[in-house]
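Just so it is clear, none of the values below were taken in a lab; they were calculated from the coordinates. Given the structure is predicted, the values throughout are model-derived calculations rather than measurements. FYI the Cβ positions are ideal-geometry reconstructions off the backbone, even for glycines, and counts take in every protein chain you see.
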Amino acid sequence: MSHNSFGHLFRVTTFGESHGPAIGCVVDGCPPRIPLTETDIQHDLDRRRPGQSRYTTQRQEPDQVRILSGVFTDEKTGVQMTTGTPIGLLIENVDQRSKDYGEIRNKYRPGHADYTYDVKYGIRDYRGGGRSSARETAMRVAAGAVARKVVPGLVVRGALVQMGPHRIDRSRWDWDEIGRNPFFCPDAEAAAFFADYLDGIRKKGSSIGAVIEIVAEGVPPGLGAPIYGKLDADLAAALMSINAVKGVEIGAGFEAASLTGEENADEMRLGNDGKPLFLSNHAGGVVGGISTGQAVVARFAVKPTSSILQPRLSVDRFGAETDVVTKGRHDPCVGIRAVPVGEAMVACVIADHFLRHRGQVGETTPWPMGG
Ligand SMILES: Cc1cc2nc3c(=O)[nH]c(=O)nc-3n(C[C@H](O)[C@H](O)[C@H](O)COP(=O)(O)O)c2cc1C
């Protein structure tokens with residue numbers, strides 16, 4: 001199976017299956033002399049970790065990361081830093097229950113990757129979905145923790161803004177709320193509603209989708225490249241590569257189609273510092289594939305978990321029709337744990353473009369340009 005790497009100068013390769021002994025990644029191209037410890041990475045992993053509330057899978061994975069390579073403790077300062085060599089990260093799988101999956105060994109779960117993996121490769125690790133399991137996303141989060149350190153001043157945050165058909169009230173948006181509820185929801189009232197709503201879904205053995213918004217602040221202007229290296233195109237690809245993601249928007253996204261040119265234009269003035277100031281951000285911080293210096297804003301839609309207790313019609317490997325009921329432990333709304341994964345993918349793309357910009361252009365042109 002090829003295509004397990006992404007990024008150009010900040011390049012991440014992941015490996016491992018849900019029920020194998022371990023999952024891991026290699027982060028290649030990280031600049032040297034960046035302080036990096038396991039604790040830095042663990043913090044992000046703990047936000048994605050399963051089994052933390054009744055709204056996520058009860059699989060208990062401590063997701064304890066080990067740095068295998070690419071760091072060295074500076075003898076003068078005692079600070080552990082990246083060395084510029086490949087950073088190898090490993091997480092052991094400790095809570096596999098493969099027997100839960102015996103029932104779907106020869107059956108295809110509708111909405112999961114069982115049929116497509118089988119039809120492509122002719123062999124499939126059915127235990128927990130094998131490589132198609134979102135267990136792999138733990139390594140994206142680990143790589144994202146490294147990426148965040150590559151771009152000075154970069155802050156990437158994510159929030160769940162819709163569950164099923166229910167949207168948050170954006171006027172109540174409070175970033176501090178994200179850490180206070182199990183949904184990464186910035187609206188306290190919506191979070192209280194989601195608690196009951198998702199309980200109902202879970203008790204029915206069903207599942208539901210969600211929309212996640214990622215906001216990256218501190219992105220310098222000038223990152224990205226025209227035509228085939230557009231920052232927004234790379235963000236869309238990275239977010240779309242996350243399991244269960246079925247749609248991506250940048251800035252106003254699909255809503256832009258219903259705006260007029262006057263409404264959509266992000267008008268410009270000079271700020272108090274004499275630098276360009278945008279009066280709105282419909283572009284989501286990217287124009288012509290290049291960052292404007294505004295916040296980069298992306299949203300993605302996550303489909304409802306396909307492995308559910310409700311029986312669904314399917315077929316098996318032997319060509320017979322059958323029903324599928326997925327036992328095992330599953331998230332009723334995978335969109336919740338997709339929040340830190342989305343943050344990580346955005347951080348990786350921005351780190352990659354930061355290094356690419358530095359490689360080709362060096363310093364961003366000083367303002368003002370003319371004169
Ligand atoms: C954080 C996270 C957890 C997930 N957990 C499950 C799960 O427990 N059961 C399931 O059927 N799908 C789960 N998924 C989604 C599947 O991995 C995904 O639907 C499957 O690989 C098919 O790929 P696709 O939906 O991208 O086409 C999860 C996705 C994410 C982002």
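Can you tell me the FRET efficiency between ALA257 and VAL119 if r is taken as the Cβ-Cβ distance and R0 is 25 Å, rounded to the nearest 0.05?
Numbers: r = 35 Å, r/R0 = 1.41.
Efficiency, rounded to the nearest 0.05: 0.10.
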(message) To make sure I understand the rule: partners must be aspartates and glutamates, Cα under 18 Å from the Cα of LYS107, and not fewer than 8 residues away in the same chain. Which ones qualify?
(response) ASP118, ASP125, ASP316, GLU321, ASP323
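Find how much the distance from GLU103 to LYS203 grows on full extension, using 0.36 nm per residue of separation minus their present alpha carbon separation; answer in nm with one decimal.
Details: separation 100, 0.36 × 100 = 36.00 nm, distance 2.16 nm.
Answer, rounded to one decimal: 33.8 nm.
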(request) Mean Kyte-Doolittle of at least -0.5 plus a Cα span of 27 Å or more along the axis: flag which DSSP H helices in the chain meet both, please. (result) 338-360
(request) Taking amide H positions as placed in the peptide plane 1.01 Å from N, state which residues far from LEU277 in sequence (5 or more) or on other chains have amide H under 5 Å from it. (result) ARG269, LEU270, GLY271
(request) Rank these for me by crowding, TYR228, TYR197, TYR108, going from fewest to most other beta carbons within 10 Å. (result) TYR228, TYR197, TYR108
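Can you tell me the order of 317-325, 156-164, 63-71 when each peptide is scored by its average per-residue count of other Cβ atoms within 10 angstrom, highest first?
Working: 317-325: 12.0, 156-164: 22.6, 63-71: 17.8.
Listed from highest to lowest mean packing, they are 156-164, 63-71, 317-325.
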(request) Report the label-to-label distance for PHE193 and ARG180 in nanometres (one decimal), using points 7 Å from each Cα along the Cα→Cβ vector. (result) 1.8
(request) Sequence neighbours fewer than 8 away in the same chain don't count; with that in mind, list the lysines whose C-alpha is under 18 Å from LYS303. (result) LYS204, LYS246
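Let me know the charge dipole size of the chain about its Cα centre in debye, to the nearest 20, where only the beta-carbon of Lys, Arg (+1) and Asp, Glu (-1) is charged.
Numbers: 43 positive and 44 negative charges, 222 e Å.
Once rounded to the nearest 20, the dipole reads 1060 debye.
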(request) For region 308-321, just list the computed ³J(HN,Hα) in residue order, Karplus coefficients 6.51, -1.76 and 1.60, θ = phi - 60°, integers in Hz, with x standing in for Gly and Pro. (result) 10, 7, 5, x, 10, 6, 7, 10, 10, 5, 8, x, 10, 7
(request) Evaluate the distance, in nm, between pseudo-label points positioned 7 Å from the Cα of THR364 and of ALA22 along their respective Cα→Cβ axes. (result) 4.0
(message) Please list 3J(HN,Hα) in residue order for region 213-228, calculated via the Karplus relation 6.51 cos²θ - 1.76 cosθ + 1.60 where θ = phi - 60°; whole Hz, with x for glycine and proline.
(response) 10, 10, 10, 10, 9, x, 7, x, x, x, 7, x, 9, x, 6, 9
(request) Excluding residues on the same chain fewer than 8 positions from LYS275, give the aspartates and glutamates whose Cα lies under 14 Å from its Cα. (result) GLU267
(message) Whole angstrom only: what separates the Cα centroid of region 98-144 from the Cα centroid of region 1-60?
(response) 18
(request) Rank these for me by crowding, PHE72, PHE254, PHE194, going from fewest to most other beta carbons within 10 Å. (result) PHE254, PHE72, PHE194
(message) Less than 15 Å from a label point 7 Å out along the Cα-to-Cβ axis of VAL315: which backbone N atoms in region 107-139 qualify, by residue?
(response) 107-111, 114-120
